[in-house]
Each structure stands twice: as structure tokens, then as C-alpha cells.
Amino acid sequence: MSSRRRLAAGRLVIASHNAGKLREFAELLTPYGIDVVGAGELGLNEPEETEATFEGNARLKATRASRATGLPALADDSGLAVDALAGAPGVHSARWAGPDKDFAAAMRKLEDALQSTGATEPHQRGARFVAVLALAWPDGHVETVRGEVAGTLVWPPRGDAGFGYDPMFRPQGHERTFAEMTGAEKHGRDAPLSHRARAIAALKEACLG
């Protein structure tokens, strides 16, 4: 197996227009000497996510941002894979929120889908948050890593500290949802809990060490 390419300290484009993700990445990457800048600040449009996998979409977004700016670029494709829904919404997690990114409506849609399958008990409501990170350089080289966390979906949603489907997701072994936890709790360096923090830990080992 070939060795991973290392990322030098400096400026890094985050290929996302999602303010919540940008805050999380800044929080996670700043300690490594990485100066994070969002794609929106650089006037980059969001490409259409046409791939069928998290890895494919992350690579697509990172590669386009890196080529457009001449800087290394980091993109994630993340989503919620629900057992009772055969892995849906999966790569379509953001699309369930519609063009207005209305995740309250997306969570309602998700709950309706669970109810329609008869998934009303906690043991029937298992899910995984998945995050794949792709780190691309202007020469076309790309590294990818993956992070996952298992949990149970709750209703009604609880908490306002997260974003996306966080208020519905109670990670395994915990009583609070992601939206009831602080960033420090989710991103702990010694034992990262969130899927994105776990992916970042994998990226650190692969490319930031």
C-alpha cells in the first residue's frame, strides 16, 4: 500500500457552503495550523452531487474546489443511514431538507417514513451517521477517510446545539442527542464521538501527523 500524502500547515479550502460544517471543521482543524476558508467566501458554486456513494461525492467536491482555487481543498459527504429504511436517506440526506435546507421538515419526513414501516420501538430505530472526507490537491491527488457513529433515532427532536439531523440522533451509549451536546463533547481528541470528528481523527493520522 502506498503511503499517504501529508498536508502542510496553511490555507485550506472547505468545499462547503454549510455554516455548521464550516464551524465544525474550523474547530477541528485550527489546532493543526490549518487556516480554513469556505468555498462561499471564494465565490465557488456548489457542484451537483451526482455520485452514488459518500466517497464519490466527497472526491467530486474536493477536486473541483482545489482545481478552481489552486489550493488544497477538503470536502465531506455525510449523511444518515437508517436501518429500517434500507440505508436511506444516505447520500440524499441533505436533499430531504429541500432547497431551503429545512431540516425540521426533513426530520418530520424521516419520522413519517419510520412510522410507515412500523419502526416505533428504540430497537427498530437504529441508524448510523457517516462522514467521508476527501482531501484534494491541485495536481489531482486525493486522499479519502471515513468516520461512522451508530445510534438510535428519537422523536420528538431534542436540543438546539447541532444542525441537520442532530436533534433526532442519540449516539450509542449516551442519553442525550447530538444537538444536546457541546462541540467539545462531540469532538474530544482522545475519544472523538461524532462521525465527522472520527473522520478528522482518521485524516489526522493519515495526512496531518
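The values are calculated or read from the model by the stated rules, or taken from the named source; none is laboratory data. Just so we're clear, the structure is a prediction, and the values are computed from it rather than from any experiment. Neighbour counts are summed over all protein chains in view; Cβ atoms, including those assigned to glycine, are modelled from backbone coordinates with ideal geometry.
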Qualifying residues in the stretch 84-95 (those that are more than 15 Å from the chain's Cα centre (by Cα) and either of a type in the set (Ser, Thr, Tyr) or assigned to a helix (DSSP H, G or I) (or both)) - the one nearest to Ala19 (Cα to Cα)
Leu85
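Residue-by-condition table, conditions (1) among the basic types (Lys, Arg); (2) surrounded by 16 or more Cβ atoms within 10 Å (Cβ to Cβ):
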residue	(1), (2)
Leu12	no, yes
Lys21	yes, yes
Glu24	no, yes
Glu27	no, yes
Thr69	no, yes
Ser93	no, yes
Ala104	no, no
Taking the condition assigned to a strand (DSSP E or B) and closer than 30 Å to Arg6 by Cβ, does Gly147 pass?
yes
Do we find a residue being closer than 20 Å to His195 by Cβ, modelled with pLDDT under 95 and part of a loop (DSSP other than H, G, I, E, B) anywhere in the stretch 70-83?
no
Among the residues of the stretch 137-151, is any closer than 23 Å to Leu60 by Cα and touching a Gly at 6+ places or on another chain (Cβ under 9 Å)?
yes
What are the residues in the stretch 100-118 that are in a loop (DSSP other than H, G, I, E, B) and under 18 Å from the mean Cα position of the chain (by Cα), if any?
Lys101, Asp102
Only unsatisfied item for Asp35, checking (1) touching a helix residue (DSSP H, G or I) at 6+ places or on another chain (Cβ under 6 Å); (2) free of Cβ contacts under 8 Å to residues at least 60 places away in the same chain; (3) farther than 21 Å from Gly79 by Cβ; (4) among the charged types (D, E, K, R), is (1)
What number of residues in the stretch 163-201 are in contact with a Ser or Thr (Cβ under 8 Å, 6 or more places away or on another chain), assigned to a loop (DSSP other than H, G, I, E, B) and surrounded by fewer than 23 Cβ atoms within 10 Å (Cβ to Cβ)?
1
